[in-house]
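Notes to accompany the following structure.
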Amino acid sequence: MGRVAERLAGLHRRLLFADDPDPVLVQAVFAVLFLADILLRAAGGSPLALGSWPMAGLVLVALATAAALVVPWQRAAPWTIGILPVVDILALGLSRMDPGGGATGTLAVVPALWLGRQYGPRGAVVVFLATALLLVTPGLAYLGVSGANLTRTVLIPLVATWAALAISYALERVRAGTEVIEHQRRVSQAIFDAVDVGLVLLDHTGAYQGVNRRQTDFIGLAFPDGHSGRAGQLGAVYDAEGTRELTREELPTYRASRGEEFTDVRIWVGRDPLTRRALSVSAHRVEDDAGNLAGAALGYKDVTDYMRALRVKDEFVASVSHELRTPLTSIVGYAQLLLERDDLPPDVVAQLEVMARNSGRLHRLVADLLHSARLDEGATAVARAPVDLAAVVRDGVEAAGPAARRAGVDLAAEAPPTLVLMADRERLEQVVDNLLSNAVKYTHAGGCVRVSLAVDADRAELCVADTGIGIAAADRDRLFTRFFRTREAEERSIQGVGLGLSITKAIVESHGGRIEVESELGTGSAFRVRLPLG
Ligand code: ADP
């Protein structure tokens, strides 16, 4: 049933809306209607003799139908096809020359629509002339000019011409509309191709609906053996480090085809290290009116140069810090040695103290830079052994004492006598030192810093709270990223480079723990570290 309906719809489209009407089809429709008219008239008791005018009309229609079938119209001049509907009008004219009452003039609409559609307004003129000369004149000459006959006959050219004009006008509108749509499509395609970002449009099944030129280059790199046009195809697509091939579930197109939205997912495409590209991928859902997933749009931005520059910068920082560390260690060591002598004049001691303090700071900074570069290489090796965190906290507070006193900040700690956990002692010392030195650094004179250590279920909980400058809510997410410093810290010219917290976070996480911050601008901050005991 569905198939029949589909075929009928297809026939209807070919009959009415195809760019060029199919002569065989239209002529066949006319022939069938013409024959039906003759048969109905015969059935109605109108005797149609073999040699009558209507029979001559039938022969003409048969000839026109045969010509429609046999003549190669595509190769003939375009106007020749117009002969067929004119012959049909003539056949109708002959068919009306019947004393029992002529053929129905309504049939003239079929050749009229044909001419109107094929030749536009010029076709309508042909319709008017052909119906007036070939249909009306013989009819009136044969049947005579009687009242009913006159109106029936004279109206035919008007109705037929009107039908031809109507269809030619309608088709002109449709063609104009199609041209506008086609123009818009070309403009959109030009924009789509001109942008420097690779673009992919997916439908709700994950099939590629559109890919722009830039993306074709990326697809060529990622799928040298060709792409099937469906999301989730495995290929030379790697993770952000460019080392591990992505699984189907990790592929951006696959995730987007499942309705996931994301931004800045970094991938590498291509096997050849020289030509491979780094891409930052974003995906957005497309929804239908009911809010169901209708597809997705993905953008691929080339970030190869940025990623390579980052790597060069990290390698540079790592090598420079490495080179600086050895001479600095010796400067710090000798400054300390000198300070231990008691035969130096007080002004020299004061100058030496400044030297020792600054070279110490430089030493810590270089150590942080080196550590941070190592974190990038994924080297957060932790050597676990039983560590008394309570002792680490006490030592840290003691070491921070002089700085706190100089800054006029009250520093106090509350910790159990011992709290042993499996961890890397050196790294935990770094965590405590970083949090304590920050708390002291970012607190005004007269403020206080409180350190507390406790056990909560199977975790150790360390909290460093201060009454300092605080951190704005908007900054809290970026606090643990490298080189980030808050505006408040910069404005007050408090020294620092923004590495401590990123290192602290990496250490805590490499121990299976978490770090959180609560803070209010101008009131103070509390950093909370939770570490598993086992
Ligand atoms: P540094 O202190 O060297 O700048 P950190 O990574 O330790 O680097 O800290 C990053 C930034 O976070 C600091 O620059 C400062 O803006 C903010 N911050 C850290 N600790 C505190 C704190 N206790 N109070 C207020 N701001 C802080």
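The values are calculated or read from the model by the stated rules, or taken from the named source; none is laboratory data. Source: prediction; values computed, not measured. Here the Cβ positions follow ideal geometry from the backbone for every residue, glycine too, while neighbour counts run over all protein chains shown. Just the protein is used for accessible areas: all its heavy atoms, side chains included, with ligands, DNA and RNA removed. Shrake-Rupley method; radii C 1.70, N 1.55, O 1.52, S 1.80 Å.
Please go through segment 236-287 and give me each residue that is closer than 11 Å to residue 222 by Cβ and of a type in the set (Lys, Arg), ordered by number.
Of everything in segment 236-287, those that are closer than 11 Å to residue 222 by Cβ and of a type in the set (Lys, Arg) turn out to be 271, 276, 277.
Would you point out the residue of segment 487-505, among those that are among the aliphatic types (A, V, I, L, M) and either surrounded by fewer than 19 Cβ atoms within 10 Å (Cβ to Cβ) or within 7 Å of the ligand (Cβ to nearest atom) (or both), that is nearest to residue 459 (Cα to Cα)?
Restricting to residues being among the aliphatic types (A, V, I, L, M) and either surrounded by fewer than 19 Cβ atoms within 10 Å (Cβ to Cβ) or within 7 Å of the ligand (Cβ to nearest atom) (or both), the top hit is 501.
Name the one entry in 111, 121 that is open to solvent by 50 Å² or more (accessible area, probe 1.4 Å) and farther than 15 Å from residue 54 by Cα.
One residue alone meets the criteria, 121.
Please give the strands (runs of 3 or more DSSP E) falling wholly within segment 172-269 in which 3 or more residues are at positive phi and at pLDDT 95 or above. Write out each step before concluding.
Numbers: elements: 198-203, 208-211, 262-269.
The strands (runs of 3 or more DSSP E) meeting that bar number zero.
Return the residue satisfying two criteria in turn: it lies in segment 475-486 and is in a helix (DSSP H, G or I) and open to solvent by 70 Å² or more (accessible area, probe 1.4 Å), and of such residues it is farthest from the ligand (Cβ to nearest atom). Break it down stepwise before answering.
Here is the first cut: in segment 475-486, the ones in a helix (DSSP H, G or I) are 475-478.
Applying the additional criterion that residues be open to solvent by 70 Å² or more (accessible area, probe 1.4 Å) yields 477-478.
On the way: 477: 12, 478: 9 Å.
Per the stated criteria, the residue is 477.
Please enumerate the residues belonging to segment 432-457 that are part of a helix (DSSP H, G or I) and either within 21 Å of residue 488 (Cα to Cα) or within 11 Å of the ligand (Cβ to nearest atom) (or both).
433, 434, 435, 436, 437, 438, 439, 440, 441
Restricting to segment 458-469, give me the number of residues that are within 13 Å of the ligand (Cβ to nearest atom), open to solvent by 20 Å² or more (accessible area, probe 1.4 Å) and either among the basic types (Lys, Arg) or not in a strand (DSSP E or B) (or both).
1
Pull up segment 303-354, narrow it to residues that are of a type in the set (Lys, Arg) and in a helix (DSSP H, G or I), then point me to the one that is most open to solvent (accessible area, probe 1.4 Å).
This residue is 311.
Considering (1) more than 10 Å from the ligand (Cβ to nearest atom); (2) open to solvent by 20 Å² or more (accessible area, probe 1.4 Å), say which one residue 472 fails and leave the rest.
It is condition (1) that residue 472 fails.
For segment 137-158, does any single residue satisfy the condition of being in contact (Cβ under 8 Å) with a residue 40 or more places away in the chain, of a type in the set (Gly, Ala, Ser) and part of a helix (DSSP H, G or I)?
yes
Only residues that are within 59 Å of the chain's Cα centre (by Cα) and surrounded by fewer than 19 Cβ atoms within 10 Å (Cβ to Cβ): list them for segment 130-166, please.
The answer is 158, 159, 162, 166.
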